[in-house]
1. Grab every C-alpha pair in the range 76-148, bin the distances at 10 angstrom width from 0 up to the longest one, and report whole percents.
2. What percent does the relative contact order of the range 76-148 come to when contacts are Cα pairs within less than 8 Å and at least six residues apart?
3. If you take the C-alpha gyration tensor of the range 129-178, multiply each eigenvalue by 5 and take the square root, what semi-axes do you get, largest first, in whole Å?
4. Based on the mean of other beta carbon atoms within 10 Å per residue, what is the order of 262-271, 373-382, most packed first?
5. Taking θ as phi - 60°, what are the ³J(HN,Hα) couplings along the range 319-328 by the Karplus curve (6.51, -1.76, 1.60), each to the nearest whole Hz, with x for Gly and Pro?
6. Can you work out ³J(HN,Hα) from phi for every residue in the range 260-268, in order, using Karplus 6.51 cos²θ - 1.76 cosθ + 1.60 and θ = phi - 60°, giving whole Hz and x for Gly and Pro?
7. Can you grab the distance from the C-alpha centre of the range 86-125 to the C-alpha centre of the range 150-229, Å, no decimals?
8. So what does log10 I(q)/I(0) come out to for the range 104-257 at q = 0.15, 0.21 Å⁻¹, using the Debye formula with one equal point on every Cα and no solvent?
Amino acid sequence: MKALLTLLLALAGAVLLGMLLQQESGVVAFGVHGWVVEMSLPLFVLLLLALILLSYVGIRLLLRLWQGPRLLRRWREQRRRRRALRDLNRGYAALLRGRWRQAERLLIGSARDSEAPLLHYLGAAQAAQLAGDTARRDEYLRLAHEQLPDDALAVGLAQAELQLQQGQTEQALATLRRLQEAEPANPRLLSLLLQAESRSGEWQAVLDLLPGLKRHRLLDEAALREQERRAWEGRLAAAAAAGEEALAACWRDLPRRLQEDPDLLASYARLARGTSLEPQVERLLRKALKRNWSAQLVRLYGEVRGEDGMKQLIQAESWLGDHPEDPDLLLTLGRLSLENRLWTKAREYLEKAISRTPSVEAWRLLARAQEELGMPDAAAESRRAGLELAATGERASSALEQLQG
C-alpha cells in the first residue's frame with residue numbers, strides 16, 4: 001500500500017511538472033572557461049532530475065556494498081533460524097511417533113541456532129531417555145541450564161519429571177527439594193513433589209504438601225482425602241514396624257475425623273493384631289460399627305481379641321437383630337464362637353455363612369469346628385470344598401489378568 005501511494009504521488013508530480021514546463025520556453029546558459037552551453041529550461045530540468053536520481057541510486061549501491069557482509073550474516077542467521085524452527089517441529093513430530101534417535105538428532109542439531117533453545121534441549125533429553133541413554137539425557141539438561149541459567153526452575157522441573165519417569169525417585173527428590181528452596185509455592189513443583197514423596201514413602205512430607213495442593217486447587221476434595229488417607233496408612237505401617245508404642249502414638253496423632261475413617265481404622269486394626277493393643281482396637285471397632293455398618297470392620301471384629309471373649313461374642317450377637325443374613329457377621333460369630341470353645345454354635349454360624357456366601361476362610365473354620373466335634377470325615381470334606389473354592393478363585397483371577405493383559 002505504501003509503495004502504491006508513493007508511485008501515485010510520483011506520477012502526479014511528473015504530470016504537474018510536465019504541465020508547468022510546457023508553459024515555460026526559457027533558456028538556460030552555462031559559461032565555463034570561454035565555453036557557453038545553452039539549453040531549454042525543460043531539458044535542463046529533466047537532466048537535473050536524472051542527475052539527482054542517478055546520485056541517489058549510486059549512493060544506495062555504495063551503501064549496499066559497504067553493508068554487504070553484515071547483510072549476508074543477517075541473511076544466513078535468518079536461514080539458520082528458519083531451519084532450526086523446521087527441525088524443532090520435525091523433531092517433536094518424530095518424538096510423538098516414537099522415533100527417538102531421529103527426534104534427538106533433529107532437536108540437538110540446530111539447538112544453538114534456535115530462538116527457543118530450551119525446547120530443543122528438553123525435547124532431546126526426553127528422546128535420549130526414551131532411547132535408554134540417561135547419560136546423554138543429563139548432558140542435554142546441563143546444556144539447557146547453560147543456555148538459560150535464569151530459567152533454572154523450568155529446566156529443573158523437566159529434569160525431575162524425566163527422573164520420575166525413569167524410576168529415579170531419589171534423584172528426583174534431590175532435584176525437587178533444591179528447587180523448593182527457591183520456589184516453595186510453585187504448583188507444578190508441588191505436584192511432582194507429591195509423586196516423589198509418595199513413591200519414597202515419605203508420608204509426613206506428603207501430609208505437609210497437602211495444604212499447598214489444596215490452596216492451588218491442584219487436587220479436588222476426593223483426591224485430597226485419598227492422598228491424606230494413603231499418607232496416614234503409610235505412617236501407621238512405618239510406626240508398626242517400629243513397635244507397639246510407636247503404632248499407638250501414631251494413632252493418637254491421627255486427627256479425630258480420620259480415626260473414624262473405616263479404611264484407616266481397618267489398617268490400624270490389622271497392624272495391631274497380635275499385640276497388646278488389641279483390646280483398644282476391639283473397643284474402637286465396636287464403636288465404629290455402632291455408628292456405621294462396615295463389612296471389613298465386622299470381619300476384623302472377629303479377628304482381634306478383646307479383654308473378654310465372651311462379652312465380645314455377645315456384642316456381635318446383638319447385631320444379628322439388624323443384620324440377620326449378613327455373611328460377614330455370621331463368619332465373625334463363627335470365629336468368636338471357636339475362640340470361646342463353643343464348637344456347636346461355631347458350626348451353626350459358619351454353615352449359615354457358607355450358605356449365604358461361601359468363602360475359603362469359612363470352610364477352613366468350619367473344618368476346625370467339625371474336628372473339635374469329632375467329625376473328621378465332615379472336616380475333610382470342608383477342607384476339600386475350601387481348596388476347590390480357592391482353586392476356582394485362582395483360575396478366575398488368572399483369567400481376569402489375561403483378559404486385562
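1. Values per bin, smallest distances first: 25, 53, 21, 1.
2. 27 percent.
3. 17, 14, 7
4. 262-271, 373-382
5. Ordered by residue, 3J(HN,Hα) equals 7, 4, x, 8, 9, x, 10, 6, x, 5 Hz.
6. Using θ = phi - 60°, the values come out as 8, 6, x, 5, 5, 5, 5, 4, 4 Hz.
7. Their Cα centres are 27 Å away from one another.
8. These q points yield log10 I(q)/I(0) values of -0.83, -1.23.
Readers should treat all values here as calculations from the given coordinates under stated rules, not as data from a laboratory. Being a predicted model, the structure only gives us computed values, none of them experimental. Counting neighbours? That spans all protein chains shown, and the Cβs are built from the backbone with ideal geometry, glycine included.
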